[in-house]
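Below you'll find the structure, written out as structure tokens, and then a few comments.
The values are calculated or read from the model by the stated rules, or taken from the named source; none is laboratory data. Bear in mind the structure is a predicted one, so any value in this text is a computation, not a measurement. Positions of Cβ are generated from backbone atoms using ideal geometry, with glycine treated the same way; all protein chains shown enter the neighbour counts.
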Amino acid sequence: MSKLKVLSGREVCKILQKYGFKEVRKKGSHIVMQKQIGKNTITVPVPDHKEIKKGTLMSIIRQSGLPREEFETD
């Protein structure tokens, strides 16, 4: 298992968009991303910060269901 990259909120949003998530709103310092899967909706809030903390990034990965490898260093 590789180390997680240090990513900004915008970079995380770009990765989520690659997997079909769309920005639905921006409120305060958070960007809310959503993806429709059948009748279900996955909602992931992403802090719009220069650097996202490791624990927050892990939470985003869990909520989105994306492979961790997308967020790791090579």
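Quickly run through segment 1-23 and pick out the residues that are in contact with a Leu (Cβ under 8 Å, 6 or more places away or on another chain) and more than 15 Å from E72 (Cβ to Cβ).
First, pick out the residues of segment 1-23 that are in contact with a Leu (Cβ under 8 Å, 6 or more places away or on another chain): 4, 7, 12, 15-16, 19.
Correct list: L16, Y19.
Is it true that I15 is part of a strand (DSSP E or B) and either touching an Asp or Glu at 6+ places or on another chain (Cβ under 7 Å) or exposed (fewer than 15 other Cβ atoms within 10 Å of the Cβ) (or both)?
Judged against the criteria, I15 is not a match.
Can we say L66 is in contact with a helix residue (DSSP H, G or I) (Cβ under 8 Å, 6 or more places away or on another chain), surrounded by 15 or more Cβ atoms within 10 Å (Cβ to Cβ) and part of a loop (DSSP other than H, G, I, E, B)?
When the stated conditions are applied, L66 passes them.
For (1) modelled with pLDDT under 95; (2) within 13 Å of the chain's Cα centre (by Cα), each residue gets a yes or a no:
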| residue | (1), (2) |
| --- | --- |
| K5 | yes, yes |
| L16 | no, yes |
| R25 | yes, no |
| V32 | no, yes |
| G38 | yes, no |
| R68 | yes, yes |
| D74 | yes, no |
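For segment 24-52, name all the residues that are under 18 Å from T73 (Cβ atoms) and of a type in the set (V, I, T).
Listed by number, the list holds a single entry, I52.
Sort through S2, S8 and tell me the only one that's of a type outside the set (K, R) and touching a strand residue (DSSP E or B) at 6+ places or on another chain (Cβ under 6 Å).
On the way: S8 fails: touching a strand residue (DSSP E or B) at 6+ places or on another chain (Cβ under 6 Å).
Just one listed residue meets the conditions, S2.
Is it the case that some residue within segment 46-58 is modelled with pLDDT of 95 or more and assigned to a strand (DSSP E or B)?
Among the residues of segment 46-58, at least one is modelled with pLDDT of 95 or more and assigned to a strand (DSSP E or B), which makes the answer yes.
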